[in-house]
Amino acid sequence: MAQRSIGVGRDSFRDRVAEHGRLRALLESFAYAPPFGGMFGKSVPFYAESYWYAMGGLTFLLFVFLVLSGILLAWLGPYWWLTQPFGRFLKSFHYWSAQGFFFFAILHAFRVWATGSFRGRRLLNWWIGLTVFMLAMGENLFGLLARGDWESQFVSMHSTDMLFVEPFFFHLFAPADFSADLLIHVAVIPVIMGALIFAHVLLVRLQGVSEPLGQPASKNGAAEEY
Amino acid sequence: MAHGQGSQHVIPVVPADDHPSARPVRHAFYKYPLLAVAALVVAVLLAAFVGSPNWPRETVAGASTRDPGGAILAFTQELAGTSASTMNESERGMAKPADVFVLNPLREAAPLLGADIQSALKTYDAAGADQRQAWAAAYEKALGTITPESSGAGDMGTASPDYSRTSSLTGDFGPVPTLVQADLKLAQSGFLEQYLQGVEPGHLFHLVNIWLYDHPRMLNAAVDQGLTDDQWGMVKERGFGVGSWYLILPAVVHVKLPNGATGGGFVLDNLLIAAFLLFAVPLLPGLRDLPRRLRLYRLIYRYPVRGELDEPENMPRAEGYHGRAPMPGAGI
Ligand code: HEM
């Protein structure tokens, strides 16, 4: 195997053009230039250079889509998103972003599980990730209740009968109450989710990507195979 | 060419011990803007051409015009204390449905409704609680005699009384028929909906939704459209093919697990599943070893194709990858 090594300080635009061409160097510059440049670690182990490891990032991207479209929707209001063409488009964009969010989150959780990345102190991030996922399912319910169409009406009453007549904290909500649903969907759950996702990604940044699983027969650990 | 696999394209080689190369390489950040744009384009196209579920909301006027018999039944049940809203009154934080949906709106509109209605209200108010209850119960029973056996909505739906035959009913109903017929007029004209929104400003649709669920029409539509529990309603949308498929786990809990259909059972079963995922999957001996045994990670790790590790892009980087150098032993 080649033993030439590219070290720190070989990350200038010119270095990167020489390494893999102008187009790629340009596309990746967001990870090297201000304001985000400092936030990204530049090296990853070769085995993690697969699309499976991009699923968490895509989940995050879809969360950003959801937040941005959600702010606009909340700002302009239900009559707008249910009746006006652009409002309906934005509502649909929000809907499909949610579909994508769950799609990528499930792929991400599968890759984390299948690579045993819950081991050791990454257990904490396993817990945070799953908590985000469960909150997202709750967020989905309140989004449905806050939508304001027939499905909202039906589900609000149906879920009241089933869930929200329970004692303890369920008594606090009235799912038929559109205003409360919208408030919970817009200002409560997503704020908690955002904070937890921030912690989740920060932990990944601090802990790095988990080391690979392999069969115990192996004598030379992968880490030595530079 | 140096920039790609080119003609060297071969299937990656997985070594016998499955260990992939952990050489620190430059992360392929250039893929991210492309992935982001692709995700954006797909979401925009789906939004523009497929849209999203948007079945028009039901209104009090709509439900009581299309199915006046159902509205008569709902008002009567509210007076008799047998409506869905009465059963869940305290949970919903509302006053007595008989007052909220029938008597208060009629009192509010009484000056415009004429002498008959005003005297019917007086008669009702003057009667004792038992008498009122007896009138309403008798009328509800009589409505049952003009209700068709099947609503065509399957077993779960509730059939509505045949409105055209309500005037033929006789019995000791007191002023109840007059009151519910007057309330029907208020509902059909849109007055009732505006009234219900007005008494709870800031909670626009709360009382409206509760009333619409007293009316048989909404649940019947849900049954017809396959949206009830036993039809996997939780993962479906009315009039739209793609629903919340990712809620399949809670949906299975709701439909299949013991007590899953009750609120308490549903919460408990879901918590058990959550505890399984949170604790058993990563910690329980045997279960936690499953990923290593199944070796599915071989589909996930990138294994180099021949010659790939010699390309300039994959030269080892001296600083190691993030998290490793400053924190040795991060994970096993
Ligand atoms: C739902 C929103 C989520 C977001 C935005 C998110 C984001 C991320 C990102 C960006 C990474 C970096 C590595 C990668 O992308 O593969 C990551 C790693 C990780 N995630 Fe998530 N994640 C989410 C949900 C989850 C869930 C549901 C779980 C557990 C079932 C989970 C457990 C983990 C663990 C344990 C790591 C560390 C993996 C390693 O070190 O190899 N995450 N997450």
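Comparison of B:176, B:199, B:253, B:180 shows that the only residue that is of a type in the set (Val, Ile, Thr) and within 18 Å of the chain's Cα centre (by Cα) is B:253. Close contacts from region A:192-206, counting a first residue that is without any contact (Cβ under 8 Å) to a residue 24 or more places away in the chain and a second that is surrounded by 14 or more Cβ atoms within 10 Å (Cβ to Cβ), with Cβ to Cβ under 9 Å and a gap of 6+ residues or different chains, come to A:206/B:322; A:206/B:323; A:206/B:330. The condition (being outside any helix (DSSP H, G or I) and either away from the ligand (no atom under 16 Å from the Cβ) or within 30 Å of residue A:140 (Cβ to Cβ) (or both)) is satisfied by just one residue among A:10, A:111, A:16, A:24: A:10. Here residue B:27 meets each of (1) farther than 22 Å from residue B:206 by Cβ; (2) within 35 Å of the chain's Cα centre (by Cα) with one exception, condition (2). Of the set (1) crowded, with 22+ Cβ neighbours inside 10 Å; (2) without any contact (Cβ under 8 Å) to a residue 60 or more places away in the chain; (3) more than 7 Å from chain A (Cβ to nearest Cβ), all apply to residue B:22 but (3). Of the residues making up region A:118-157, those that are within 16 Å of the ligand (Cβ to nearest atom), of a type outside the set (A, V, I, L, M, F, W, C) and crowded, with 21+ Cβ neighbours inside 10 Å are A:122, A:125, A:129, A:139, A:143.
Listed conditions (1) aliphatic (A, V, I, L, M); (2) within 8 Å of chain A (Cβ to nearest Cβ); (3) part of a helix (DSSP H, G or I) are all met by residue B:227, apart from (3). Against the definition (more than 16 Å from the ligand (Cβ to nearest atom) and at negative phi), how does residue A:198 come out, yes or no? No: the conditions fail for residue A:198.
Meeting the requirement of 1 or more residues that are of a type in the set (Ser, Thr, Tyr), farther than 30 Å from residue A:61 by Cβ and more than 11 Å from chain A (Cβ to nearest Cβ), the helices (runs of 4 or more DSSP H) wholly within region B:25-117 are B:60-66, B:68-80, B:84-87. With the structure loaded, tell me whether residue B:178 is surrounded by 15 or more Cβ atoms within 10 Å (Cβ to Cβ), in contact with a helix residue (DSSP H, G or I) (Cβ under 7 Å, 6 or more places away or on another chain) and modelled with pLDDT under 90 or whether it fails that test. In short, no. Of all residues in region A:44-100, those satisfying the criterion of being without any contact (Cβ under 8 Å) to a residue 60 or more places away in the chain, away from the ligand (no atom under 16 Å from the Cβ) and among the aliphatic types (A, V, I, L, M) are A:71, A:72, A:73, A:76, A:90.
Quick check, is residue A:149 at the interface with chain B (Cβ under 7 Å from one of its Cβ atoms) and in contact with a Leu (Cβ under 7 Å, 6 or more places away or on another chain)?
yes
Among the residues of region B:183-210, the ones that are under 18 Å from residue B:160 (Cα atoms) and at pLDDT 95 or above come to 5 in all. Answer with yes or no whether residue A:191 is within 16 Å of the ligand (Cβ to nearest atom) and surrounded by fewer than 21 Cβ atoms within 10 Å (Cβ to Cβ). So residue A:191 fits the description; yes.
Could you go through region B:206-224 and let me know if any residue there is surrounded by fewer than 17 Cβ atoms within 10 Å (Cβ to Cβ), more than 8 Å from chain A (Cβ to nearest Cβ) and assigned to a loop (DSSP other than H, G, I, E, B). The answer is no; no qualifying residue exists.
In region A:201-226, the qualifying residues are those that are over 30 Å from residue A:141 (Cα atoms), more than 9 Å from the ligand (Cβ to nearest atom) and assigned to a helix (DSSP H, G or I), and the one that is modelled with the lowest pLDDT is A:224.
The values are calculated or read from the model by the stated rules, or taken from the named source; none is laboratory data. Predicted model, so just to flag it, every value in this text is computed and none were measured. Cβ atoms come from the backbone with ideal geometry, glycine included; neighbour counts cover every protein chain shown.
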